[in-house]
Amino acid sequence: LLLAIGFAIQADPVRRSRVLAILGLLALAMIFGAALNLSLSVVTLFVRDHVDRSFFGFEAPYAAFQAAEAVFALLLAIPMMRNWRAVASKGGASSTFGRATFGMGSACGGLLALWLSVQLVLNGAHQVVPLVLLFYLMLALADLNIYPMALGQLTRMGGAATLTALWYVANATGS
């Protein structure tokens, strides 16, 4: 990290902006990796201990909530891909900044839904399954926008294999 920052300081303005953009994307990977893995551990325990999972006399296993983000991602991947292609075919471009903004907004919205569900539980409510599912839905939307955008941007910046590896290292660091 320090070597990259040192390189950015000494580089010409074009390289400097690229290095700083890469560092920003890697920081984004760390933050998103942390949020995504939060959902796989802490949120599952929250659902197990504090959420009423009863539906019509059947209690859903708390571990099933771990699959919610993946299920939402599978359900939304094709419609989102079609939307991006439709925008591109009309001469528009779904910008990197637009995708990143939508992805981070979705992640923040999901964390807000999770925070609200925790506040409701602290005040005695235990019927917060819709808010927990909203958290997972928003996380899936973030996932579908942030990962492809960031990996595509890193590939366009050059050194695709190295930068892609750095992306996964940053994501693992966030985990």
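When only residues in the range 58-87 that are of a type in the set (F, W, Y) and in contact (Cβ under 8 Å) with a residue 24 or more places away in the chain count, which is least open to solvent (accessible area, probe 1.4 Å)?
The initial filter retains those residues of the range 58-87 that are of a type in the set (F, W, Y), namely 58, 62, 65, 72, 84.
Adding the requirement that they be in contact (Cβ under 8 Å) with a residue 24 or more places away in the chain leaves 65, 72.
Working: F65: 15, F72: 52 Å².
Looking at the filtered set, the residue picked out is F65.
From the list L139, L120, which residue is surrounded by 11 or more Cβ atoms within 10 Å (Cβ to Cβ) and more than 23 Å from A34 (Cβ to Cβ)? The unique qualifying residue is L120.
The values are calculated or read from the model by the stated rules, or taken from the named source; none is laboratory data. The shown structure was predicted, so the numbers you read here are calculated from the model rather than taken from an experiment. Ideal geometry is used to build each Cβ from the backbone, glycine not excepted, and the neighbour counts take in all protein chains shown. SASA here: full protein model, heavy atoms, side chains in, ligands and nucleic acids out. Shrake-Rupley method; radii C 1.70, N 1.55, O 1.52, S 1.80 Å.
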